[in-house]
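What follows is a short report on a single structure.
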Amino acid sequence: MISAPLGKELLLQRLDGLRQIPTIPAVLTPLLRYLEQPVEQLDVQKVTDYIAQDKSLAAQCLHMANSPLFGRGQKVESLRSAVLTLGFHHVSDIAMSCGVLNLLPTGKTGMDPVVFWEHSLGCALVCRHLARSLRLPDPGKAYLAGLLHDLGIIVNLWVLPKEFLTAFELAKNQSIPLHEAEERCLGFTHCDSGGLLAEKWQLPAGLIEVVTYHHAPEKASQNAPLVALVHIADLLCRMSGLNYGYVEERQWNLFEDSGFALLAQDSTMLREFDWARFTFEVDSYLDEVHGLVRAIYRT
Amino acid sequence: MVECRCKPKGIRVSPAPALQIVPLQLGAPEPDLVRIRDLIYNVAGIFHPDNKLRLLQDRCSRRMKELKVQTLREYFECLTIRPLRQTELNALLNEITIGETCFFRNRPQLEALRRIVIPNILAAKSQLPQRRLRIWSAGCSTGEEPYTLRMMQLEDADRELRKWSVEILATDLNERSLAHAKAALYGERSTRNITFTCREKYFLPSGDKLRVVPTVRANINFSRLNLSDDPRMSLMKNIDVIFCCNVLIYFDLASKQRVIRHFYDNLLPHGYLFLGQTESLFGVSDEFRLVHLPGATAYVKGERTPAGGESK
């Protein structure tokens, strides 16, 4: 039933041979670099100009800016007013989120792009919310980490679509985590393939670790708290129904999780944290994520 | 409907948590409504996430009409500083739980029980000579919950569970609710969630209502029990799963802690405690551990603190 594991050699071979390797959309790289400057030096017009270069990206951004997940309740009608009401970094989060959607191969891949995007966006929002609630530094970085953590799935869809689909079907049929099915069918996981792409893209070291170790946070070296945060947010999303369109039949004991122990090293008050309430909050905005993603994807 | 089980002795807001969760600000909800939400959570342990705030507002509006109060700010005062605030709080809690009792109320929770919790328990008990499970519906109200549990068991009768005898205990404080439960006759509101197949299989029409069939009703042990009755609570032994949904919300913190300590003792080591969909034990118990199941949360037994859980 299951083909012999392909192993990482084949992955490397295919990844090297691939011409149209997914890249962060051309618009976003200069935009993100521009936004690295101190806020007082940023110019609203310049930011809107960057985004407006890509018409579909601009339309998607506007749609998101009007979602209660990002918005402040006021209607936003132009990119300019989006930047003014939401701030530079929220707009960059939004642009980046739309960029990730555009990385997926078009055409029939066997994995519904909607569920991929829902999981990535949901995880990004949960990461940011958790980072803020735990008063960790840089919730923006947490957002980006959550958004990109499953980069490897995009790689797998590009380089080994058929083989990956077998793994995905196995995961669905047996209600097991995707990385376990990948390990069995392919001999590597989306963590491995994502890590390779993240290195190729020369992403910051923290993000490379997130992509590579989000299923095994104890292996992270430099950025363990960030990796642990993404690990926990990912699990919360998967338990709450944002899991690639199927249910994992698992019980997750947060307090025995390796990610929890790592995060506890960084945030000493973690044990006092109200996880029940946090879970209820997360559940409530996952509905919003469903609605938003479906709305944008239809446009 | 759940009746008030004991009179709260005054609003006790559990000690402020060291870390406050930053509000999500889904479209900036009204601050006074958020204050009422937080009050209800601190006092009763039932949480209204941002997407359920509208529901909370409707419930408040009904009470406000009754009291002829115009604004949420004024109503917040009715709940906190005015005389009769206890009565008002209970009236609001009653509004909140109205219509909560129905067959198959919380599907993800029931699915988690069926697909994960029961198999875990069967595995934990596999070496025991007796193949017996005890499930307790604590605060069963008019009986929908225990009957639902029995129907689910019957549906699973061809799986592993067939070899096990499943005892369902159903208790409530209110005699009238128990009489209703035993009569097993239900209207549209209670049966709104059942599927066509379920209706055909487990209900018989009786006038404009539906009566639960005898096979489901057999062997459910309905009895009157006050969860604050310490001696009787100590007699509940060897329980595998407790359901206690939207019952503890009427208890003050000290009473809640007493009940929870009993539940800890009533449950076997591998036991599970299920609460209402957005009910939490935060600030009530350090002994139970929150676990996540697909679409639901539950509590399992953690280590008991050396002081026997008397730390609060």
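Given the conditions (1) in contact with an Asp or Glu (Cβ under 7 Å, 6 or more places away or on another chain); (2) surrounded by fewer than 19 Cβ atoms within 10 Å (Cβ to Cβ), and given that residue A:223 satisfies all but one, which numbered condition is not satisfied?
For residue A:223, the failing item is (2).
It is to be established whether one or more residues within segment A:91-102 are at pLDDT 90 or above, farther than 23 Å from residue A:16 by Cβ and in contact with a Phe, Trp or Tyr (Cβ under 8 Å, 6 or more places away or on another chain). Spell out how you get there, then give the answer.
So the first thing to find is which residues in segment A:91-102 are at pLDDT 90 or above, and the list is none.
Checked segment A:91-102: no residue is at pLDDT 90 or above, farther than 23 Å from residue A:16 by Cβ and in contact with a Phe, Trp or Tyr (Cβ under 8 Å, 6 or more places away or on another chain).
Could we say that residue A:141 is at pLDDT 90 or above, among the charged types (D, E, K, R), surrounded by fewer than 24 Cβ atoms within 10 Å (Cβ to Cβ) and more than 21 Å from residue A:247 (Cβ to Cβ) here? Spell out the reasoning first.
On the way: at pLDDT 90 or above: no; among the charged types (D, E, K, R): yes; surrounded by fewer than 24 Cβ atoms within 10 Å (Cβ to Cβ): yes; more than 21 Å from residue A:247 (Cβ to Cβ): yes.
No.
Can you pull out the strands (runs of 3 or more DSSP E) entirely within segment B:175-231 that have at least 1 residues that are charged (D, E, K, R)?
Working: elements: B:203-206, B:209-212, B:220-224.
Fully inside segment B:175-231 and qualifying: B:209-212, B:220-224.
How many residues does segment A:96-138 hold that are buried (at least 23 other Cβ atoms within 10 Å of the Cβ) and charged (D, E, K, R)?
Of the residues in that region, 2 qualify.
This table checks each residue for (1) within 30 Å of residue B:194 (Cβ to Cβ); (2) in contact with a helix residue (DSSP H, G or I) (Cβ under 8 Å, 6 or more places away or on another chain); (3) aliphatic (A, V, I, L, M); (4) surrounded by fewer than 16 Cβ atoms within 10 Å (Cβ to Cβ).
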position: B:88; (1), (2), (3), (4): no, yes, no, no
position: B:95; (1), (2), (3), (4): yes, yes, no, no
position: B:102; (1), (2), (3), (4): yes, yes, no, no
position: B:109; (1), (2), (3), (4): yes, no, no, no
position: B:118; (1), (2), (3), (4): yes, yes, yes, no
position: B:126; (1), (2), (3), (4): no, no, no, yes
position: B:129; (1), (2), (3), (4): no, no, no, yes
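Which of the residues spanning segment A:77-95 are more than 15 Å from residue A:67 (Cβ to Cβ) and within 15 Å of the chain's Cα centre (by Cα)?
The answer is A:92, and nothing else.
If a residue has to be charged (D, E, K, R) and outside any helix (DSSP H, G or I) to count, how many in segment A:105-158 make the cut?
Our first condition is that a residue be charged (D, E, K, R); within segment A:105-158, this holds for A:108, A:112, A:118, A:128, A:132, A:135, A:138, A:141, A:150.
Add one more test, that the residue is outside any helix (DSSP H, G or I), and what stays is A:108, A:112, A:135, A:138, A:150.
Matching residues across segment A:105-158 total 5.
Within segment B:181-190, restricting attention to residues that are within 11 Å of residue B:144 (Cα to Cα) and at pLDDT 95 or above, which residue is surrounded by the fewest Cβ atoms within 10 Å (Cβ to Cβ)?
B:182
Within segment B:153-167, work out how many residues are part of a helix (DSSP H, G or I) and either acidic (Asp, Glu) or surrounded by 19 or more Cβ atoms within 10 Å (Cβ to Cβ) (or both).
Of all residues in segment B:153-167, those part of a helix (DSSP H, G or I) come to B:153-155, B:160-163.
Going one step further and asking which of them are either acidic (Asp, Glu) or surrounded by 19 or more Cβ atoms within 10 Å (Cβ to Cβ) (or both), we end up with B:153, B:155, B:160-161.
Summing the residues that are part of a helix (DSSP H, G or I) and either acidic (Asp, Glu) or surrounded by 19 or more Cβ atoms within 10 Å (Cβ to Cβ) (or both) in segment B:153-167 gives 4.
If we only count helices (runs of 4 or more DSSP H) wholly inside segment B:25-87, which ones have 1 or more residues that are farther than 26 Å from residue A:75 by Cα and more than 23 Å from the chain's Cα centre (by Cα)?
Working: elements: B:31-44, B:53-67, B:72-80.
So the answer is B:53-67, B:72-80.
Yes/no matrix, rows are residues, columns are (1) away from chain B (no Cβ under 14 Å); (2) within 18 Å of residue A:263 (Cβ to Cβ):
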| position | (1), (2) |
| --- | --- |
| A:105 | yes, no |
| A:112 | yes, no |
| A:122 | no, no |
| A:129 | no, yes |
| A:132 | no, yes |
| A:145 | yes, yes |
| A:149 | yes, yes |
| A:153 | yes, no |
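Before we move on, is residue B:146 outside any loop (DSSP other than H, G, I, E, B), touching a Cys at 6+ places or on another chain (Cβ under 8 Å), surrounded by 16 or more Cβ atoms within 10 Å (Cβ to Cβ) and touching a residue at least 24 places away in the same chain (Cβ under 8 Å)? Outline the logic, then answer.
Numbers: outside any loop (DSSP other than H, G, I, E, B): yes; touching a Cys at 6+ places or on another chain (Cβ under 8 Å): yes; surrounded by 16 or more Cβ atoms within 10 Å (Cβ to Cβ): yes; touching a residue at least 24 places away in the same chain (Cβ under 8 Å): yes.
Yes; evaluated as a whole, the condition is true for this residue.
Mind checking which pairs have a first residue in segment A:15-43 that is modelled with pLDDT under 75 and a second that is assigned to a loop (DSSP other than H, G, I, E, B) and surrounded by 10 or more Cβ atoms within 10 Å (Cβ to Cβ), Cβ under 7 Å, 6 or more apart or different chains?
Listed by first residue and then by second, the contacts come to A:22/A:103; A:24/A:201; A:25/A:54; A:25/A:102; A:27/A:53; A:27/A:54.
Being polar (S, T, N, Q) and either in contact with a strand residue (DSSP E or B) (Cβ under 7 Å, 6 or more places away or on another chain) or assigned to a loop (DSSP other than H, G, I, E, B) (or both) is the filter here, so list the residues in segment A:161-181 that pass it.
From segment A:161-181, those polar (S, T, N, Q) are A:166, A:173-175; that's our starting set.
Correct list: A:175 only.
In segment B:50-82, how many are under 14 Å from residue B:96 (Cβ atoms), within 14 Å of chain A (Cβ to nearest Cβ) and surrounded by 13 or more Cβ atoms within 10 Å (Cβ to Cβ)?
Matching residues across segment B:50-82 total 3.
Tally up the residues in segment B:248-299 that are within 14 Å of another protein chain (Cβ to nearest Cβ), closer than 26 Å to residue B:122 by Cα and in a strand (DSSP E or B), please.
16
For segment B:92-111, indicate whether the set of residues that are over 18 Å from the mean Cα position of the chain (by Cα) and of a type outside the set (Ser, Thr, Tyr) is non-empty. Steps first, please.
Keep residues of segment B:92-111 that are over 18 Å from the mean Cα position of the chain (by Cα), which gives none.
Scanning segment B:92-111 turns up no residue that is over 18 Å from the mean Cα position of the chain (by Cα) and of a type outside the set (Ser, Thr, Tyr).
Which residue is surrounded by the fewest Cβ atoms within 10 Å (Cβ to Cβ), if the candidates are limited to segment A:51-81 and must be free of Cβ contacts under 8 Å to residues at least 24 places away in the same chain and part of a helix (DSSP H, G or I)?
Here the answer is A:55.
When you go through (1) modelled with pLDDT of 95 or more; (2) surrounded by fewer than 21 Cβ atoms within 10 Å (Cβ to Cβ); (3) under 22 Å from residue B:263 (Cβ atoms) one by one for residue B:170, which number turns out not to apply?
So residue B:170 meets the others, but not (2).
The values are calculated or read from the model by the stated rules, or taken from the named source; none is laboratory data. Every value quoted in this text rests on a predicted model; they were computed, and no experiment measured them. Note: ideal-geometry Cβ built from the backbone for every residue, glycine included; neighbour counts use all protein chains shown.
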